[in-house]
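Below is one structure, written out as structure tokens; comments come after it.
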Amino acid sequence: MDSNEKRSSLAVSEQSIVEACSETPLPKMGIIEQIWETNPIPRDDIAARAALAFSSLPLDDVSTGSEIALGVGSRGIANLPSIVRGVVAEATDLGYEPFVFPAMGSHGGATAEGQREMLAELGVTESAIDCEIRSSMDVTEVGRTPERNVPVVADTNAAKADAIVPINRIKPHTDFSGAVESGVSKMLVIGMGKQRGAKIAHDWAVDWSLRDMIPEITSQLLSKLPVVGGVAILENQHDDTTRIEGIPPKGFLNREEELLETAYDIMPKIPFRETDILILDQQGKDISGQGMDTNVIGRRPFAIQEPEPETPEIKRIFTRSLTETTHGNAMGMGSADFVHENLLTEIDMPTTVINALTASTTRGVRLPPAVETDRAGLIAALSTIGIVDPETVRVLRATDTMRLHRLYASTALIEEARTRNDLRVVAEPSPIEFESGAFAAPSPHETSAGDDSR
């Protein structure tokens, strides 16, 4: 190999991988679907359900004409514009003056304009929700925790409002397990805390776990600020909205804990306890805070004093690209064992590093070995797991860790799927096709029944 060519890219060429791993056979791949029982809210009813959730909050002490700050984050929540629009419309109909503020910690490059742009990417613009958006990174210290004297901070615009309502999805967190994890409480503590609040929380997480910190700081915020409750969202395995509920300040943490238990039950999961190779077509902050959901892949590179999830067991992960909405933030790429060259070219390193510094960790942004093509990535991953038999090796390809309904699966997994009531074989295994080294088949969620290209 020409040494100058070798240094021109961090990605290893397909030719080099094939030469080094020439004896590695590739499995055939078919398509499977997970069979889930779901009960989504009809899309036409989303805004009305959001309005109802907001109106259920204790608003008697909020006088007509009062400003209500609505916190909206950076996650890819289903139907988010409709949910926010429904809350805004109801608040306006009740005589209030609502405004939206980005409640997303350091995301968006830790700039006011960057956070406004992130909301826009999610469809939350002033014209779409018929409401003002006030984006600022300024925070106000509203108190300190009793024992550790940790500053409790909040978005200045929100702190000046007459009432505050965070709007967020409740789901398992990627870094820790606790009574409350990712949801309205975390949005108050870290999202509404902007970069400073997020940095404080992650710094203290080293010695004071997030599972204990978030409830304590949430209680402080509920007592110090006019938080009249939150609008909690649950999504099912298809990422459809399945519940929108108003949580009042009284019993705030207890109710969120109950909803988290439901979220665990209905979250999408990889349907096998053991997998040799997992190929992810994309990762991003809109998929998970760590790019790929650690509860799905069974790895926690960011976890501080937290055990890894017991399942699933995945030997190697190959990640192919970043989502557009993540804006180059490659947080979590360190969870992969191999990445595609495309992912490298999409990285915004300053944004990624700022996010890592805010999270007080660097493990998740370590760069895995990069490969030039999909074929190179698959061969490289297979070559590191021992003796490979195409008939027994367990390979999955998913769009991302959020869309797991339809998956490409190797022959061994197809045969297992035939024996299970929760899985359906959609297409029989056939040789993997490549075009200039890239997978010829589209992402699993883009396939249709009977599609036989792999």
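Odds and ends about this structure:
- Filtered residue count, the stretch 348-375, keeping only those that are at pLDDT 95 or above and either of a type in the set (Ser, Thr, Tyr) or in contact with a strand residue (DSSP E or B) (Cβ under 7 Å, 6 or more places away or on another chain) (or both): 8
Residue-by-condition table, conditions (1) within 28 Å of Thr64 (Cβ to Cβ); (2) assigned to a loop (DSSP other than H, G, I, E, B); (3) in contact (Cβ under 8 Å) with a residue 60 or more places away in the chain:
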position	(1), (2), (3)
Gly105	no, yes, yes
Gly109	no, no, yes
Glu113	no, no, no
Val124	yes, yes, no
Ser136	yes, yes, no
Ala158	yes, no, yes
Asn168	yes, no, yes
Phe176	no, yes, yes
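- Test: residue in the stretch 56-71 that is assigned to a helix (DSSP H, G or I), of a type outside the set (Ser, Thr, Tyr) and either over 30 Å from His405 (Cα atoms) or in the same structural domain as Met137 (by TED's automatic domain parsing) (or both): no
- Sole exception among (1) under 17 Å from Arg196 (Cβ atoms); (2) surrounded by 21 or more Cβ atoms within 10 Å (Cβ to Cβ); (3) at pLDDT 95 or above for Ile129, by number: (1)
- Odd one out for Ala89 among (1) of a type in the set (Gly, Ala, Ser); (2) assigned to a helix (DSSP H, G or I); (3) at pLDDT 95 or above; (4) on the phi > 0 side of the Ramachandran plot: (4)
- Tabulated pairs, the stretch 358-382, first assigned by TED's automatic domain parsing to the domain that holds Arg394 and of a type in the set (Ser, Thr, Tyr), second assigned to a strand (DSSP E or B) and surrounded by 20 or more Cβ atoms within 10 Å (Cβ to Cβ), C-beta under 8 angstrom, 6+ apart or interchain: Thr373/His340
Okay, residues lined up against (1) without any contact (Cβ under 8 Å) to a residue 40 or more places away in the chain; (2) under 21 Å from the mean Cα position of the chain (by Cα):
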| residue | (1), (2) |
| --- | --- |
| Asp203 | no, no |
| Thr218 | yes, no |
| His238 | no, yes |
| Leu253 | no, no |
| Leu280 | no, yes |
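- Matching option when the condition is in contact (Cβ under 8 Å) with a residue 60 or more places away in the chain, among the charged types (D, E, K, R) and buried (at least 24 other Cβ atoms within 10 Å of the Cβ), among Lys199, Lys186, Lys194, Lys224: Lys194
- Failed item in (1) buried (at least 23 other Cβ atoms within 10 Å of the Cβ); (2) more than 30 Å from Glu113 (Cβ to Cβ); (3) within 22 Å of the chain's Cα centre (by Cα), with Ile247 passing the rest: (3)
- Condition check for Val100: touching a Cys at 6+ places or on another chain (Cβ under 6 Å) and closer than 27 Å to Pro172 by Cα: yes
- Scanning the stretch 31-55 for residues that are farther than 18 Å from Ile247 by Cβ and in a loop (DSSP other than H, G, I, E, B) returns Ile35, Trp36, Glu37, Thr38, Asn39, Pro40, Pro42.
Residue by residue, here is whether (1) touching a helix residue (DSSP H, G or I) at 6+ places or on another chain (Cβ under 8 Å); (2) assigned to a helix (DSSP H, G or I); (3) crowded, with 16+ Cβ neighbours inside 10 Å holds:
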{"position": "Pro350", "(1), (2), (3)": "yes, yes, no"}
{"position": "Leu357", "(1), (2), (3)": "yes, yes, yes"}
{"position": "Ser360", "(1), (2), (3)": "yes, no, yes"}
{"position": "Gly386", "(1), (2), (3)": "no, no, no"}
{"position": "Leu413", "(1), (2), (3)": "no, yes, yes"}
{"position": "Ala417", "(1), (2), (3)": "no, yes, yes"}
{"position": "Asn421", "(1), (2), (3)": "no, no, no"}
{"position": "Val426", "(1), (2), (3)": "no, no, yes"}
{"position": "Pro429", "(1), (2), (3)": "yes, no, yes"}
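- Scanning the stretch 138-156 for residues that are of a type in the set (S, T, N, Q) and part of a strand (DSSP E or B) turns up just one, Thr140.
- Exactly one residue out of Arg394, Arg403 is surrounded by 14 or more Cβ atoms within 10 Å (Cβ to Cβ) and at pLDDT below 95, and it is Arg403.
- Only one of the numbered conditions (1) crowded, with 21+ Cβ neighbours inside 10 Å; (2) assigned to a loop (DSSP other than H, G, I, E, B); (3) not small (Gly, Ala, Ser) is violated by Asp276, and that is (2).
The values are calculated or read from the model by the stated rules, or taken from the named source; none is laboratory data. Note that the structure is predicted; figures quoted are calculated from it, not measured. Glycine gets a Cβ as well: all are built from the backbone with ideal geometry, and neighbour counts include every protein chain shown.
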